[in-house]
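Report on the following structure.
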Amino acid sequence: MEYRQFNKKNIKTSILGFGAMRLPVIDGDYSKIDEDEAMKMIRHAIDNGVNYVDTAYPYHNGNSETFIGKVLKDGYREKVYLATKLPVGRLKEKADMERIFNEQMKKLDVEYLDFYLLHAVSRNSWEICKNLDVLEFIDKLKKEGKIKYAGFSFHDSPEIFKKVADSYDWDMCQLQFNYADTKVQAGIESFRYAADKGMNIVIMEPLKGGTLANDLPDELAEHFKNAKIMKSPVEWAFRWVYNFPEVKLILSGMSTMEHVLDNLRIFKNTKPDSMDIEETAIMNKAIKIVEEKTAVPCTDCKYCLPCPHGVNIPMMFGLYNSYTGFKNKQEPRDRYKNWREREENRFTADLCVRCGVCLEKCPQHIEIPDRLEELDKILYPST
Ligand SMILES: NC(=O)c1ccc[n+]([C@@H]2O[C@H](COP(=O)([O-])OP(=O)(O)OC[C@H]3O[C@@H](n4cnc5c(N)ncnc54)[C@H](OP(=O)(O)O)[C@@H]3O)[C@@H](O)[C@H]2O)c1
């Protein structure tokens, strides 16, 4: 296992980390972790060099943290960096932070956290952070020795990413990053910005939540099958990410022992900056195939924003492109439904009133209101 040195910190993390968000469950019930199996999987990964475990307050409907507390008994706590996250989107008042943090520490049953992240920072949740002085709370936890390092995981545009990255002396940031998402959400622009600032970058969703393993469009699957260099689609996807020297750690949400074994194999002999010309060409072609399957030629330039009615237009098109480009139709639909049925802070396509302000601004000349209407019908078919 390769270990990468964090910039300006006395930390070396295994390039593969364990994400505790997609653990095996019983009877398909997301709350019921199959504890025997998941215990074996995580401890096997740690016994074979993984030294970082990532969980969060809502994972497995609140049961991931409690379970990770059990996994880290018997001397395993000392073998790993432990990360969990403050669910900033749920905070209503300042007192919530202390209450949730104490609950998390009780569930995890540990003396301190290595990494404490603001969870899923976005335009809206960043406003909550500012209003409730969340950064002061983070400083307090650091001073008290309850957390060692502070970071944030991120789900929004590069514009917001830059604001958040510049607002604090972060120890790390966690980004969604894979070869199919270079222009989706934070994308390569935020990755480059973080790298240029010398931030420590942790990657989540390296397989696009499993899509790059299981749901490749036929053309892409054929491309990998016919490539001169043989690797599984999973190995190609990880290879593309770990090739970036700025990546300190790649989190994988392994759901079966087969995933653990396969990923330990893939991550046995990794090196940054090691892709040769032929491999680079294979991956560039893969990226091109993904781009060609996109429904809307949105480049995420954000010239269309702000929408006077609050639609996050580039995010809508990013999700729609995931829907049209890959076989897994359920995940983007579920994600859209979740956003659309929120009671507050909504930004979905149905808010469009066809005012046309965006039409003049789009350099790609996309018929934005028409395409928003189309995607709303497709991603939210009950309407
Ligand atoms: N906002 C946030 O803070 C946030 C958001 C997302 C993720 N995360 C963290 O980042 C971690 C990583 O993200 P992720 O879980 O989305 O990672 P991912 O690696 O993109 O997706 C994990 C899925 O990929 C598939 N997979 C993994 N290894 C495989 C293998 N060797 N062969 C075939 N399929 C394989 C499995 O899908 P199937 O089970 O469908 O086969 C697995 O459930 C999460 O677990 C979580 O800890 C944080």
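The values are calculated or read from the model by the stated rules, or taken from the named source; none is laboratory data. It should be emphasised that the depicted structure is a prediction, and the values quoted were computed from it without experimental measurement. All Cβ positions, glycine included, derive from the backbone under ideal geometry; neighbour counts span all protein chains shown. The accessibility values were calculated without ligands, DNA or RNA, using every heavy atom of the protein model including side chains. Shrake-Rupley method; radii C 1.70, N 1.55, O 1.52, S 1.80 Å.
Here are the numbers for the structure shown:
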| item | result |
| --- | --- |
| FRET E, pair residue 12, residue 196, Förster distance 25 Å, beta-carbon r, rounded to 0.05 | 0.65 |
| Residues with amide H under 5 Å from that of residue 120, placed H, sequence gap 5 or more | 153, 154 |
| Separation in nanometres of the label points that stand 7 Å from Cα toward Cβ, at residue 99 and residue 341 | 2.5 |
| Relative contact order for the chain, counting Cα pairs under 8 Å that sit 6 or more residues apart, in percent | 14 |
| Overall form of the chain per C-alpha gyration tensor (a/c, 1.5; a/b vs b/c) | oblate |
| Sites residue 230 and residue 159 - FRET efficiency at Förster radius 41 Å, r taken between beta-carbons, to 0.05 | 0.50 |
| Alpha-carbon centroids, the stretch 287-327 and the stretch 168-225: separation in whole Å | 16 |
| Nitroxide proxy distance, nm - points 7 Å out along Cα→Cβ at residue 70 and residue 324 | 4.6 |
| Interchain or long-range residues, amide H under 5 Å from residue 25's placed H | 34 |
| Three-way shape call for the stretch 193-317 based on the alpha-carbon gyration tensor, with the a/c threshold at 1.5 | prolate |
| Rounded to 5, percent antiparallel among DSSP beta bridges of the chain | 10 |
| The stretch 313-379: relative contact order as a whole-number percent, Cα under 8 Å and 6+ apart | 35 |
| Within the stretch 216-239, backbone nitrogen closer than 12 Å to the virtual label 7 Å beyond the Cα of residue 278 toward Cβ | 227-231 |
| Computed lengthening from residue 143 to residue 365, 0.36 nm per intervening residue step minus Cα-Cα distance | 74.8 nm |
| Computed FRET value (nearest 0.05) for residue 90 with residue 373, which takes r as the C-beta separation and R₀ as 30 Å | 0.45 |
| Solvent-accessible area per residue, Å², over the stretch 3-284 with all protein chains present [probe radius 1.4 Å] | 41 |
| Amide N of the stretch 123-157 lying under 16 Å from the label point, which is placed 7 angstrom from the Cα of residue 112 along Cα→Cβ | 138-151 |
| Using θ = phi - 60° and Karplus 6.51 cos²θ - 1.76 cosθ + 1.60, couplings along the stretch 131-148 (whole Hz; Gly, Pro as x) | 5, 9, 6, 4, 5, 5, 5, 4, 4, 4, 4, 5, 4, 6, x, 7, 10, 9 |
| Cut-off under 5 Å, modelled amide H: who pairs with residue 17 long-range | 250, 251, 252 |
| Gain on full stretching of the segment that runs from residue 353 to residue 136 - 0.36 nm per residue minus C-alpha separation | 74.1 nm |
| Environment charge of residue 126, counting only residues whose C-beta is closer than 9 Å and scoring Lys/Arg +1, Asp/Glu -1 | +1 |
| Where the stretch 313-379 is the region considered: accessible area per residue in Å², 1.4 Å probe | 52 |
| Label-point gap, in nm, between residue 221 and residue 127 - each point 7 angstrom along Cα→Cβ | 4.3 |
| Whole-percent carbon and sulfur share, accessible surface of the chain, 1.4 Å | 48 |
| Gap separating the Cα centres of the stretch 64-83 and the stretch 233-251, nearest whole Å | 25 |
| Backbone HN-Hα couplings from phi across the stretch 45-50 [Karplus 6.51/-1.76/1.60, Hz, Gly and Pro as x] | 4, 5, 4, 10, x, 5 |
| Shape call, the stretch 313-379: gyration tensor on alpha carbons, a/c limit 1.5 | oblate |
| Neighbour net charge for residue 24 - beta-carbon separation under 12 angstrom, K R +1, D E -1 | -4 |
